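The values are calculated or read from the model by the stated rules, or taken from the named source; none is laboratory data. Keep in mind it's a predicted model, so treat the numbers as computed, not measured. Note that each Cβ is placed from the backbone with ideal geometry, even for glycine, and that neighbours are counted across all protein chains shown.
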């Protein structure tokens, strides 16, 4: 017989409901999210397995769902991670209790009607964590720099945006403050902030080294990152971010669904004869959209190389008409199709395909003629 186990997982505890195939609730319980709680729960599952039940579990997608799933998988229990955003039976329920939610998960698991949330690979998850730590550290650096700019302005010293970028430049500013007694205690106020900047900057470089090692340890990840870095202006951080959140390009059926997952497609309202297109949906990971924007900005900065690309001429034309914001998002949407095909076909970025149609056609004809004469 089949035994469906619904689990409502929280930070400190999880509530379970054991539902047999005859819809008979055999047991409910609350366990702490500690080793003793996991062991007690698995022992109960093993008891039902020994009685001849085929135990399957369903757990909602939370921050600790991966760890919970791995514990159950190691015990030989099949686990479904539920996408609660698509499971309105729980989200919009008027009776919202842990026990009721666990029962609901068990009932729909028994019917095989749960929307499953796909978890990425462990390597991708680890890369995401390192990228998150780096992002937090970089934001702290930016915040400290802004504080230094404001502090120095209070002493009548106006600093430019890039003056605090290098350690050498920060040291020059500090020496200048110490040499001018008329500035009072400016040096004493600034020095601790500069020391903190030095430590955080060193930590960012260390995290980037860790990221390089993590990418190199997985062959598939390394190959995908290398392909993404063939795009002009795309570096390690942007490429690793995209790869970590894409995980497996084959889970997207088309480039349109790939763009939709990143939230780069517009809202569409189609009713009767009315068709309305709104702003982009912004569904999916924010990190992916940010990385796509960084890809576009990287291509803009590499104008000497990318200036003749069709995608960039369209960007320039749209920018003059609609501004930089909309043109960047529209270009990111176009670029997502290119990235999808690159990863799908395992091909690097091809500059020749970026040329205008007639130019590219002439190049193909010239190449064909060269092979004939050869």
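Does any residue of region 8-19 turn out to be farther than 25 Å from residue 111 by Cβ, modelled with pLDDT under 95 and in a helix (DSSP H, G or I)?
no
Determine whether region 117-125 contains at least one residue that is buried (at least 17 other Cβ atoms within 10 Å of the Cβ), at pLDDT 90 or above and in a helix (DSSP H, G or I).
The answer is yes; a qualifying residue exists.
Inside region 145-163, can you point out the residues that are under 30 Å from residue 212 (Cα atoms) and surrounded by fewer than 16 Cβ atoms within 10 Å (Cβ to Cβ)? Reasoning before the result, please.
The initial filter retains those residues of region 145-163 that are under 30 Å from residue 212 (Cα atoms), namely 145-146, 161-163.
Scanning region 145-163 gives 146, 161, 162.
Could you tell me whether region 80-97 includes any residue that is in contact with a strand residue (DSSP E or B) (Cβ under 7 Å, 6 or more places away or on another chain), in a helix (DSSP H, G or I), modelled with pLDDT of 90 or more and within 14 Å of residue 7 (Cα to Cα)? Reasoning before the result, please.
Going residue by residue through region 80-97, those that are in contact with a strand residue (DSSP E or B) (Cβ under 7 Å, 6 or more places away or on another chain) are 80-84.
Checking which are in a helix (DSSP H, G or I) leaves us with 84.
Applying the additional criterion that residues be modelled with pLDDT of 90 or more yields none.
Checked region 80-97: no residue is in contact with a strand residue (DSSP E or B) (Cβ under 7 Å, 6 or more places away or on another chain), in a helix (DSSP H, G or I), modelled with pLDDT of 90 or more and within 14 Å of residue 7 (Cα to Cα).
Among the residues in region 98-105, are any within 23 Å of residue 67 (Cα to Cα), in a helix (DSSP H, G or I) and touching a helix residue (DSSP H, G or I) at 6+ places or on another chain (Cβ under 7 Å)?
yes
Looking at 109, 131, 153, 114, which one is farther than 24 Å from residue 47 by Cβ, in contact (Cβ under 8 Å) with a residue 40 or more places away in the chain and in a helix (DSSP H, G or I)?
The match here is 131.
Regarding region 26-49, can at least one residue be identified that is under 22 Å from residue 2 (Cα atoms), under 30 Å from the mean Cα position of the chain (by Cα) and crowded, with 18+ Cβ neighbours inside 10 Å? I'd like the intermediate steps shown before the answer.
Just the residues of region 26-49 that are under 22 Å from residue 2 (Cα atoms), to begin with: 26-30, 38-49.
Next cut, under 30 Å from the mean Cα position of the chain (by Cα) only: 38.
Pick out the ones that are also crowded, with 18+ Cβ neighbours inside 10 Å and you get 38.
Yes; the residues of region 26-49 include at least one that is under 22 Å from residue 2 (Cα atoms), under 30 Å from the mean Cα position of the chain (by Cα) and crowded, with 18+ Cβ neighbours inside 10 Å.
Out of all the residues in region 273-307, which are in contact (Cβ under 8 Å) with a residue 24 or more places away in the chain, more than 19 Å from residue 322 (Cβ to Cβ), part of a helix (DSSP H, G or I) and within 15 Å of the chain's Cα centre (by Cα)?
287, 288, 290, 291, 294, 295
State whether the residues of region 262-272 include one that is part of a helix (DSSP H, G or I), surrounded by 14 or more Cβ atoms within 10 Å (Cβ to Cβ) and in contact with a helix residue (DSSP H, G or I) (Cβ under 9 Å, 6 or more places away or on another chain). So that I can check it myself, show each step before the final result.
Narrowing region 262-272 to residues part of a helix (DSSP H, G or I): 262.
Those still in the list that are surrounded by 14 or more Cβ atoms within 10 Å (Cβ to Cβ) too: 262.
Now narrow it down to the ones that are in contact with a helix residue (DSSP H, G or I) (Cβ under 9 Å, 6 or more places away or on another chain): 262.
Yes, region 262-272 contains a residue that is part of a helix (DSSP H, G or I), surrounded by 14 or more Cβ atoms within 10 Å (Cβ to Cβ) and in contact with a helix residue (DSSP H, G or I) (Cβ under 9 Å, 6 or more places away or on another chain).
Tell me which residues, restricted to region 67-79, are in a helix (DSSP H, G or I) and surrounded by 16 or more Cβ atoms within 10 Å (Cβ to Cβ).
Step one: filter region 67-79 for residues in a helix (DSSP H, G or I), giving 67-74.
Of everything in region 67-79, those that are in a helix (DSSP H, G or I) and surrounded by 16 or more Cβ atoms within 10 Å (Cβ to Cβ) turn out to be 68, 69, 71, 72.
Somewhere in region 293-313, is a residue modelled with pLDDT of 85 or more and in contact with a strand residue (DSSP E or B) (Cβ under 7 Å, 6 or more places away or on another chain)?
Start the filter on region 293-313 by keeping residues that are modelled with pLDDT of 85 or more, which leaves 293-313.
Going one step further and asking which of them are in contact with a strand residue (DSSP E or B) (Cβ under 7 Å, 6 or more places away or on another chain), we end up with none.
Checked against the condition, which is being modelled with pLDDT of 85 or more and in contact with a strand residue (DSSP E or B) (Cβ under 7 Å, 6 or more places away or on another chain), region 293-313 yields no hits at all.
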